[in-house]
Amino acid sequence: DECPFVDSFRAVLVYPDYYVSSITGNQHFGEFNPGLKVVVLSWKNFLEGIRFDTSNYNLGIHEFTHAILSASRRKRDASKTVAEEDFSKGFFQIKDILSDEEKYKKIVNSSYFRNYAFTNVDEFTSVILEHFFETPDQLRIAFPELYDIVKKMINYRQDWFQS
C-alpha cells in the first residue's frame, strides 16, 4: 500500500546538532519545508526525543506530523485515502476545540503543553501528537476529548502495541 504522506517530502536532511534555517535565518532543531519537500532534523535532538520518552518532546513525531498535515492539505477530499481523511478530520476537530474560548483557556491554564504549542494550530497538532505517544495516560486523563480525537486521526489501536 501507498504511504499517505510520502508525496509530501522527498528527503530527510539530518544535521549533527542545531542548524541555521534557510527559511527563518534562525537556529533550529527541526523543521518541515513544504516548498522543498524536506524534513530537516538535528540528529542530537532527534535522539533525545527517543531517549527521554516521557519528556513530551519528540522531534521526529513533531516534524513528520507537519509533513502529514501538508499531505492532507494537498488533495481534494474525494482523492484522499481513508488515513488522510481521518487525519484531516482530526485536525479540524482540534482546530474547533482551540477556537472554543473556554476549552482553549482550560488547555492553556493546565500548563500541560509547552508554550510553543500555542503558536498556531499546526504546531499544537504536532505537539499533541508528541504527548499522545510520550505520555498517553496523562493526556487521556487531562484531556480525554483531545486524546480520542488523536486516537481516531491516526487510527491508533492499543492491541497493536501489546506483547
Margin query: Considering only the range 26-39, I want to know if a residue exists there that is more than 17 Å from the chain's Cα centre (by Cα), at pLDDT 90 or above and farther than 19 Å from H131 by Cβ.
Written below: yes
Margin query: Just to be sure I understand the filter: pairs with C-beta atoms under 7 Å, separated by 6 or more residues or on different chains, first member in the range 23-41 and in contact (Cβ under 8 Å) with a residue 24 or more places away in the chain and of a type in the set (K, R), second member surrounded by 16 or more Cβ atoms within 10 Å (Cβ to Cβ) and part of a loop (DSSP other than H, G, I, E, B). Which pairs pass?
Written below: K37/F9
Item checked: Residue list for the range 16-62, restricted to those being over 27 Å from L139 (Cα atoms) and polar (S, T, N, Q) -> S21, S22, T24, N26, Q27, N33
Check: Can you spot a residue in the range 80-101 that is in contact with a helix residue (DSSP H, G or I) (Cβ under 9 Å, 6 or more places away or on another chain), assigned to a helix (DSSP H, G or I), among the β-branched types (V, I, T) and modelled with pLDDT under 90?
Finding: no
Notebook entry, point to check: Counting just the residues of the range 112-142 that are open to solvent by less than 20 Å² (accessible area, probe 1.4 Å) and assigned to a loop (DSSP other than H, G, I, E, B), which one comes out farthest from H66 (Cα to Cα)?
Noted result: T135
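Answer with yes or no whether I50 is open to solvent by 10 Å² or more (accessible area, probe 1.4 Å) and either more than 13 Å from the chain's Cα centre (by Cα) or among the aromatic types (F, W, Y) (or both).
yes
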Checklist line | Subset of the range 133-163 (residues that are at pLDDT 95 or above and among the hydrophobic types (A, V, I, L, M, F, W, C)) | finding: L139, I141, A142, F143, L146, I149, V150
Margin query: Among the listed residues S72, S110, identify the single one that is in contact (Cβ under 8 Å) with a residue 12 or more places away in the chain and within 22 Å of T135 (Cβ to Cβ).
Written below: S110
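The values are calculated or read from the model by the stated rules, or taken from the named source; none is laboratory data. Computed from a predicted structure; not experimentally measured. All Cβ positions, glycine included, derive from the backbone under ideal geometry; neighbour counts span all protein chains shown. These accessible areas exclude ligands, DNA and RNA; they are computed on the full protein's heavy atoms, side chains included. Shrake-Rupley method; radii C 1.70, N 1.55, O 1.52, S 1.80 Å.
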